[in-house]
Amino acid sequence: MEGMYQVLFAFVVVGLFTNKALATQHVVGGSQGWDESTDYTKWASAQTFKVGDQLVFKYTPGLHSVVELPNESAYKNCDVGSALDSMNSGNNAVKLSKAGTRYFACGTIGHCDSGMKLKVTTVSADASSSPGSTPSSSSSSSSSSSSSSSPASTSAASASFPFPSILSMASLLAISMLFMF
């Protein structure tokens, strides 16, 4: 009976780590990063953003910044003065913590008006959607969770399976299996 509890515990632990390992880091703008030459509407339409994923903004500090805007009106009008959050380290990660739409722009004067802005619609993690699809209630905003830490490097397609998480998961599974025998 004790062995059965250990197996169950191992599955729960592995399940928790698997969800974290399967989250995607989307490098905003792909290999170009956060700059004035990228069409962010086109870039975002090729992505599927799910709860738990991260947006990674890579840019030249001092030249660009990232501000999160409160609503679509502020986004359309490039009202960077109404920002919910402002980031300027050159390498910022923003966790997509719930389904809904969020709005980002460059805080440098004139850059948002030149198209350096991003609208992201996040779907629930269990939704099976194609890139660019939107949930039926996509206008809710979520609280910002940003970080200036250096996120793991990802490809332009933005798929990422963090090696440390997978290594931890495999180690826990191996240890759990040892207790079974």
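A few notes on this one:
- In segment 79-98, residue nearest to Gly33 (Cα to Cα) [restricted to those that are of a type outside the set (Gly, Ala, Ser) and part of a loop (DSSP other than H, G, I, E, B)]: Asn88
- Criterion: in contact with a Ser or Thr (Cβ under 7 Å, 6 or more places away or on another chain) and either modelled with pLDDT of 70 or more or among the charged types (D, E, K, R) (or both) - qualifying residue of Lys42, Lys50: Lys50
- In segment 94-106, the residues that are closer than 9 Å to Thr122 by Cα form Cβ pairs under 6 Å with partners that are of a type in the set (Asp, Glu) and crowded, with 20+ Cβ neighbours inside 10 Å, at six or more places apart or across chains, as follows: Leu96/Asp53.
- Residue check for Tyr75: touching a Phe, Trp or Tyr at 6+ places or on another chain (Cβ under 7 Å), in contact (Cβ under 8 Å) with a residue 40 or more places away in the chain and either assigned to a loop (DSSP other than H, G, I, E, B) or surrounded by 19 or more Cβ atoms within 10 Å (Cβ to Cβ) (or both): yes
The values are calculated or read from the model by the stated rules, or taken from the named source; none is laboratory data. Only a predicted model underlies this, so the values are computations on that prediction, with no experimental measurement involved. Note that each Cβ is placed from the backbone with ideal geometry, even for glycine, and that neighbours are counted across all protein chains shown.
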